[in-house]
1. Check off (1) open to solvent by less than 80 Å² (accessible area, probe 1.4 Å); (2) over 11 Å from Ile4 (Cα atoms); (3) within 14 Å of the chain's Cα centre (by Cα) for Asn82 and give me the number that stays unchecked.
2. If a residue has to be assigned to a helix (DSSP H, G or I) and within 12 Å of the chain's Cα centre (by Cα) to count, how many in the range 60-79 make the cut?
3. Determine whether Met55 is part of a loop (DSSP other than H, G, I, E, B), in contact (Cβ under 8 Å) with a residue 24 or more places away in the chain and open to solvent by less than 60 Å² (accessible area, probe 1.4 Å).
4. Restricting to the range 5-14, name every residue that is open to solvent by less than 90 Å² (accessible area, probe 1.4 Å) and either under 24 Å from Lys84 (Cβ atoms) or among the basic types (Lys, Arg) (or both).
5. Would you pick out the residues in the range 22-52 that are of a type in the set (Lys, Arg) and surrounded by 16 or more Cβ atoms within 10 Å (Cβ to Cβ)?
6. Among the numbered conditions (1) under 16 Å from the mean Cα position of the chain (by Cα); (2) hydrophobic (A, V, I, L, M, F, W, C); (3) over 12 Å from Ser7 (Cα atoms), tell me where Leu44 comes up short.
7. Name every residue in the range 58-78 that is within 11 Å of Ile3 (Cβ to Cβ) and exposed (fewer than 13 other Cβ atoms within 10 Å of the Cβ), in order of residue number.
8. Between Gly85, Gly49, Gly62, Gly66, which is in contact (Cβ under 8 Å) with a residue 12 or more places away in the chain, of a type in the set (Gly, Ala, Ser) and touching a strand residue (DSSP E or B) at 6+ places or on another chain (Cβ under 8 Å)?
Amino acid sequence: MTIIIYSKTNCVYCTKAKGLLKNLRLEYTEKTLEGTFGGSVEKLLEDIGKNVRQMPQIKINGDLIGGYNQLVEYFEKQGKVNFKGEVK
């Protein structure tokens, strides 16, 4: 499984998404607006492949899942977390 998290600094949901993946013992690559893209929103959006307004944005195996809530839904459907994002 290949997971990429697009994030920015001081983002509560970015932190929650990374925490959820760590709790599931899943490795991920983080691409930050400030670091990876040098603050360029245009470059970030180009890499994501869609015009988004919120962070984080998460891709799993090349598919854009969405933000933190969609990440929870993704793993809830697999029976790995409950609706609160708590690992089962």
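1. (3)
2. Number of matching residues: 6.
3. yes
4. Selection gives Ile5, Tyr6, Ser7, Cys11, Cys14.
5. Of everything in the range 22-52, just one residue is of a type in the set (Lys, Arg) and surrounded by 16 or more Cβ atoms within 10 Å (Cβ to Cβ), namely Lys31.
6. Looking at each condition in turn, Leu44 falls short on (3).
7. Scanning the range 58-78 gives Asn61, Gly62, Asp63.
8. Gly49
The values are calculated or read from the model by the stated rules, or taken from the named source; none is laboratory data. This one's a predicted model, so the numbers in the text were calculated from it and none came from an experiment. FYI the Cβ positions are ideal-geometry reconstructions off the backbone, even for glycines, and counts take in every protein chain you see. Heavy atoms of the whole protein, side chains included, go into the accessibility calculation; ligands, DNA and RNA do not. Shrake-Rupley method; radii C 1.70, N 1.55, O 1.52, S 1.80 Å.
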